[in-house]
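Q: Right, I'll just put the structure down here and ask away after.
The values are calculated or read from the model by the stated rules, or taken from the named source; none is laboratory data. Remember, it's a predicted structure, so these values are computed and weren't measured experimentally. Reconstructed Cβ throughout: ideal geometry from the backbone, glycine too, with neighbour counts over all protein chains shown.
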Amino acid sequence: MKRSELSMLLSLAALWGASYLFIRLGAGEFGAVPLAGARAGGAALLLLPLLAWRGGLACLRRRWWAIAVVGITNSALPFVLFSFAALTIPAGLSAMFTAATPLFTALIGWLWLRENLEAPRIAGLALGFAGVLWLVWDKAGLQQGAAGKAAGLAALACLAAALLYGFSANFTRKYLADVPPLTVAAGSQLASALLLCAPAAWLWPATQPSAHAWLALGALTAACTALAYVLFFRLIAKAGPARAMTALFLIPAFGVLWGALFLGERITPSMLPGCAVILAGTALTTGIARGWSKRLAS
């Protein structure tokens, strides 16, 4: 990977990791659904002019139904779920659950698209999901009563979002492989905004959110959604999709870092081992560990 590509990869992971920080800052004042709706709407307003400039609106109209499915499963519902989780659990922990996305992607690909799962990938799935269960059980068990139940529900919401990301990745591969990524991104944000606009308006907070909450929403929309998509697509074009997806491995590290630096979040002794187990399982599932072993052997 060239230095420019590595720079884009690190920038992308840093932006996606920061999204959990800004969600945590904004969800408490906006609410989960209004924050998700405003995020999708703002990203659509930023991406659609770029799509029109590149002549992609005709393709968007032709493949609208499939792009709308991606908008629901890759944006609208995950945005709401992560915003809901941010009301209870730290930003760094939410970011850690994102590492389960490749596990769900591989599992759904095997169940739905009949992709082969060799023994190392099966072992990786088992290891990764063991790490996920560790984090969920630990988070729900550390607190008693209603607080423990709320933390457990928040962790399950993050897992549901990761599951939806896994479904969306396979759906995109099956039905939208021939559609330019920018068309999928802009169209999916538009579909997400259209789905969430009514409930977001209905649930909009009666008290005006603070300037800090608005700044968090602006950064979440412009930097962590619109700009991150553009970087992601440029990285795919330059380095290929496999290398671009390695950004997922760095998101937990950046999410924990930003949460500790700006929110003073405490990293518990059980969080790091649980995340490490998930990442190890993901490396086995995606075949990255095999590639590393071959390089070391050579």
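Q: If I ask for residues that are out of contact with any Gly (no Cβ under 8 Å at 6 or more places or on another chain) and among the aromatic types (Phe, Trp, Tyr), which ones from segment 90-133 would you list?
A: Passing the criteria: 97, 110, 112.
Q: With touching a residue at least 24 places away in the same chain (Cβ under 8 Å), in a helix (DSSP H, G or I) and crowded, with 23+ Cβ neighbours inside 10 Å as the only criterion, which of 129, 104 stands out?
A: From the options 129, 104, the qualifying one is 104.
Q: Based on what the data block shows, is residue 256 crowded, with 23+ Cβ neighbours inside 10 Å and of a type in the set (A, V, I, L, M, F, W, C)?
A: yes
Q: Next question, about the same structure. Which residue out of 206, 239 is of a type outside the set (Lys, Arg) and either surrounded by 15 or more Cβ atoms within 10 Å (Cβ to Cβ) or at pLDDT below 85 (or both)?
A: Selected residue: 239, the only one of 206, 239 that is of a type outside the set (Lys, Arg) and either surrounded by 15 or more Cβ atoms within 10 Å (Cβ to Cβ) or at pLDDT below 85 (or both).
Q: Another question, then. Take the conditions buried (at least 18 other Cβ atoms within 10 Å of the Cβ) and not charged (D, E, K, R) and apply them to residue 177. Does it pass? So that I can check it myself, show each step before the final result.
A: Values: buried (at least 18 other Cβ atoms within 10 Å of the Cβ): no; not charged (D, E, K, R): yes.
Spelling it out, it is not the case that residue 177 is buried (at least 18 other Cβ atoms within 10 Å of the Cβ) and not charged (D, E, K, R).
Q: Considering only segment 242-284, how many residues are among the charged types (D, E, K, R) and at pLDDT below 85? Steps first, answer last, please.
A: Of all residues in segment 242-284, those among the charged types (D, E, K, R) come to 243, 265-266.
Restricting the remaining residues to those that are at pLDDT below 85 gives 243, 266.
Residues meeting the conditions: 2.
Q: Does at least one position in segment 57-74 carry a residue that is farther than 25 Å from residue 178 by Cβ and among the basic types (Lys, Arg)?
A: no
Q: What helices (runs of 4 or more DSSP H), lying completely within segment 1-77, carry at least 3 residues that are modelled with pLDDT of 95 or more and crowded, with 18+ Cβ neighbours inside 10 Å?
A: Working: elements: 3-30, 32-53, 57-62, 64-71.
Ranges flagged: 3-30, 32-53, 64-71.
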